[in-house]
Amino acid sequence: MSDALITLDEVHKSFGAVTVLRGLTLTVQRGETLVVIGQSGVGKSVTLRLFLGLLAPTTGECRFQGRDIAAMDEDDLTELRSHFAMLFQNGALFDSMTIAQNIAFPAQLRGVKNRDELQGIVEEKLYQVGLGKARFPDMPDKMPSMVSGGQRKRIALARALAQEPEIMLYDEPTTGLDPIMSDAVADLIIATRQHLAHKNLTSIVITHDMQVAFKTGDRIIMLNAGVIAAAGTPDYFREISARPDADGMSEKELMIRQFVRGEARGPIQAVQ
């Protein structure tokens, strides 16, 4: 398909005797927000590492814009990764740098050297994430240890945006946040996509937070046992989970219902 950006074709991935992915087939469309859900350990983060060429499939093929990632040399991989930016679970800010230095860092890696230009990038990205100088005039000069957890998430996103990405990866972006702040992060994901609409931004969100999944996603896939167990729109997942009676449901529907509701009993086995 012309809009296919990333494609996994029958990908298996093993680490020694442990097999994580068992024939995963997936296409990420340019411009979509894809949400990936599933239990811990089912291969969600492994899948992100395959996208970035940090891991290679044991068998199968992972392609970016039609090119086999595993066949790329280091220069090709560097160019590939320049298309991506990631918001990590804990923000992963550099604690020894000020907020301004954190945000300017990826711009400097892109070759921006002019002090005024770097300052403009810092101010612009902080404004985009709701931390503009009108309300937070001293934010650029603070150290990461001086701001709240929610602000750290926003600053980490500002730093990611300074990479000028075409693809944003969100790895459990609401971990450790209260429900109100989690909803604010969901709004931020949506606002980021809207702000970068001119670049047709593609977003991939890994989360256990179903409210974030429902609010941000164009499409949700659920991984289980190393493959896609279910896929559909947020409305599809919401409708199945809201059914009062499970009688007559298929196993796929039972899995969706169990996961979205967070119930221990069902076809998905709890990891001990």
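All of the numbers you see were taken from the coordinates with simple rules; none came from a lab. Just so we're clear, the structure is a prediction, and the values are computed from it rather than from any experiment. Note that each Cβ is placed from the backbone with ideal geometry, even for glycine, and that neighbours are counted across all protein chains shown.
Length gained on full extension, residue 4 to residue 59: 17.7 nm, using 0.36 nm per residue less the C-alpha separation.
For the chain, modelled as a GNM whose springs connect Cα atoms under 10 angstrom apart, the maximal fluctuation among 254, 109, 52 occurs at 109. Normalised by the number of residues in the stretch 97-203, the mean separation of alpha-carbon contacts (under 8 Å, six or more apart) gives a relative contact order of 31 percent. Please tell me which of these pairs span more than 30 angstrom C-alpha to C-alpha: 13/199; 215/252; 125/215; 153/215; 44/133; 113/142? The pairs that break the limit, which is 30 Å between Cα atoms, are 13/199; 44/133.
To the nearest 0.05, how large is the calculated FRET efficiency for residue 27 and residue 200 if R₀ is 22 Å and r is the Cβ-Cβ distance? Please report the intermediate quantities before stating the final value.
Values: r = 16 Å, r/R0 = 0.72.
For R0 = 22 Å, the calculated efficiency reads 0.90.
Each part gets one Cα centre, and for the stretch 10-40 versus the stretch 180-254 those centres are 15 Å apart.
The DSSP beta bridges internal to the chain are antiparallel in roughly 55% of cases. Between 207, 192, 19, the Gaussian network model of the chain with springs among Cα atoms under 10 angstrom shows the greatest mean-square fluctuation at 19. With only Cα atoms counted, the stretch 121-272 has Rg and Dmax values of 18.3, 59 Å. For the chain, set up a GNM with springs between Cα atoms under 10 Å and report which of 179, 57, 165 has the largest fluctuation. Evaluated over the chain, the most mobile residue of the options is 179. Radius of gyration (Cα atoms) of the stretch 1-158, expressed as a multiple of 2.2 N^0.38 Å: 1.24. On the basis of the beta-carbon distance and an R0 of 25 Å, residue 72 and residue 94 show a calculated FRET efficiency of 0.35.
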